[in-house]
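Rule-based calculations on the coordinates, nothing more; no lab input. Being a predicted model, the structure only gives us computed values, none of them experimental. Positions of Cβ are generated from backbone atoms using ideal geometry, with glycine treated the same way; all protein chains shown enter the neighbour counts.
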Amino acid sequence: MKLPKTILMYPMTLASTAAHLVMRFQQNLAQLVIKGDSTLESIFPPKDEKPDWATFDEDLPAAIEGLPEGEGDRRAEGRFALYSVSDAPEATDPPAGLGRQSKKAGGNKAVPQPAVAAELDYPTLTLAQLRARLPSLGVDQLEALLAYEQATKARAPFQTLLANRITRANAK
C-alpha cells in the first residue's frame, strides 16, 4: 500500500537532498574564503594608494580646457540644470565664441522684478521647480517671466521651457 506513495516521493526527496548538499557546500566554501581573506589581510595589510589612472573632479585644475576663464559654471547648464540653481555671476558678458546673443540689460540687477517673479521667488527656483509651477500661470505672467529671464540671467533651459509653455498656452 505504501510503496506507490513512497516511489512517487523519491524524485522530490532526491532533488531536495541534492539542493541541500549544494547549498551547504557553498556556505562552507564562503566561510573558508572569508577566513582566507582575513588571514591574508593580517599578513599583507592593504595599501591605501590612488591608482595613476583614477581621476576625480577635485583633482582637476580650476580652468577646464576649451572654456575661457570663469566659464566652468556652464557645466551646470544642460541636463544638470534641471536640479541645480546656477549662481553664475550675472554681470559678465558671454564670450564671443559661444554664439549666445547678448543680454538686453547686460545682466543688470536693476531690472524690475515682475510681481509673478516675486510671488514665485523665481531667482531661486530650479528648472524642475519652475516646471511644476507653470500650469498655474497665465500667458501674460509667463511672458513677464520670460522677459525677466532674458533681461537677467538668460539661461537657455529656462527660456526654452517658458517659450514652449507660452506656445502651448496660446494654442489652447
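Numbers at a glance
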item: Relative contact order for the range 101-172, counting Cα pairs under 8 Å that sit 6 or more residues apart, in percent; result: 42 percent
item: Summed side-chain charge close to Val116 - residues other than Val116 whose Cβ falls under 14 Å, Lys, Arg +1, Asp, Glu -1; result: -3
item: Karplus-derived 3J(HN,Hα), 6.51/-1.76/1.60, for each residue of the range 14-26, Hz, glycine and proline x; result: 5, 5, 5, 5, 5, 4, 4, 5, 5, 5, 5, 4, 4
item: For Gln113, residues with placed amide H under 5 Å, excluding near neighbours; result: none
